[in-house]
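Working notes for the structure below.
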Amino acid sequence: MQLATACADGVATVTIDHPAKRNAMTPAMWRALPPLLDRLAADAAVRVMVLTGAHGTFCAGADIGTLRASADEGRNLALAAEEALAAFPKPTLAVVRGHCVGGGVQLAAACDLRFAAEDALFGVTPARLGIVYPASATQRLVRLVGPSTAKHLLFSAELIGAERALRCGLVDELHPGDGLDTRTAAYTRLLVSRSQLTQAAAKEFADGHGDRERVAHWSREAAASDESAEGVAAFLERREPRFTWST
């Protein structure tokens with residue numbers, strides 16, 4: 001059981017790999033995620049991060065067997081991992097196959113975007129276990145799907161298919177079979193080619209961090225960079241821009 005990481009062409013792929021439990025997260029795996037994300041955030045070669053699961057499934061949540069020892073510790077570790085993922089300063093994409101349940105939804109919802117296979121299944125299942133879903137995770141879910149659908153998912157613990165997940169906003173795109181890999185590769189290449197300055201500022205503002213101090217910060221960053229000049233020059237010269245700003 002592990003979190004495997006591969007980096008190529010500006011894209012870091014973190015893979016949840018716990019085949020015996022449908023990639024359920026153990027305390028050690030939850031604990032390992034924040035420092036792993038810190039390392040990737042500090043790596044200038046990484047421009048985009050993809051989170052996915054091995055063996056045809058995304059993540060079946062927390063490993064329930066480990067919760068018997070300390071349910072509070074497990075919830076705290078999951079919450080810390082979720083918040084670290086949400087705070088990652090570069091674009092993040094969850095690529096979902098198979099089951100995305102419980103803590104798996106926490107992780108996927110903490111990413112900026114979610115692409116899924118057409119046969120993926122989603123569920124928010126603490127009501128099966130008598131667990132109080134974290135406030136921050138609940139609010140993040142509400143922002144994605146609205147209060148009524150969030151309540152439905154939390155009240156019932158019912159699994160929903162990928163088509164319904166797309167309609168309610170939990171998923172951004174659906175793709176059949178190998179089309180998911182093709183689209184993921186094309187989309188991450190596109191993100192790598194775009195301005196990190198624009199992406200970093202847009203991510204902060206979209207996530208509600210647009211107070212006066214942060215607006216002033218990004219105005220200074222933009223003024224000190226060559227991003228705009230390069231973008232305009234590339235447009236006029238009909239070539240691809242070569243952006244150099246990095247977090």
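The values are calculated or read from the model by the stated rules, or taken from the named source; none is laboratory data. Small disclaimer: the values here were computed from a predicted structure and weren't measured. Methodologically, a virtual Cβ is constructed for each residue, glycine included, from the backbone with ideal geometry; neighbour enumeration extends over all protein chains shown.
Could we say that Ser219 is modelled with pLDDT of 95 or more and not assigned by TED's automatic domain parsing to the domain that holds Gly104 here? When the stated conditions are applied, Ser219 passes them. If the condition is being within 19 Å of His99 (Cα to Cα) and touching a helix residue (DSSP H, G or I) at 6+ places or on another chain (Cβ under 7 Å), then segment 19-36 contributes Met25, Thr26, Trp30. Within segment 181-199, the set of residues being surrounded by 18 or more Cβ atoms within 10 Å (Cβ to Cβ), more than 16 Å from the chain's Cα centre (by Cα) and part of a helix (DSSP H, G or I) comprises Gln196, Leu197.
Of the set (1) more than 17 Å from Val11 (Cα to Cα); (2) loosely packed, with under 13 Cβ neighbours inside 10 Å; (3) modelled with pLDDT of 95 or more, all apply to Gly208 but (3). Could you say whether any residue in segment 164-177 is assigned by TED's automatic domain parsing to the domain that holds Ala60, within 22 Å of Leu85 (Cβ to Cβ), part of a helix (DSSP H, G or I) and of a type in the set (Val, Ile, Thr)? No, segment 164-177 contains no residue that is assigned by TED's automatic domain parsing to the domain that holds Ala60, within 22 Å of Leu85 (Cβ to Cβ), part of a helix (DSSP H, G or I) and of a type in the set (Val, Ile, Thr). Scanning segment 154-169 for residues that are surrounded by 15 or more Cβ atoms within 10 Å (Cβ to Cβ), closer than 15 Å to Gln106 by Cα and out of contact with any Cys (no Cβ under 9 Å at 6 or more places or on another chain) yields Leu154, Ala157, Leu159. Can you go through Val48, Val14, Val101, Val105 and tell me which one is surrounded by 17 or more Cβ atoms within 10 Å (Cβ to Cβ), on the phi < 0 side of the Ramachandran plot and touching a helix residue (DSSP H, G or I) at 6+ places or on another chain (Cβ under 6 Å)? Within the list Val48, Val14, Val101, Val105, the selection yields Val48. Looking only at segment 95-118, residues that are without any contact (Cβ under 8 Å) to a residue 40 or more places away in the chain and charged (D, E, K, R) come to 0 in all.
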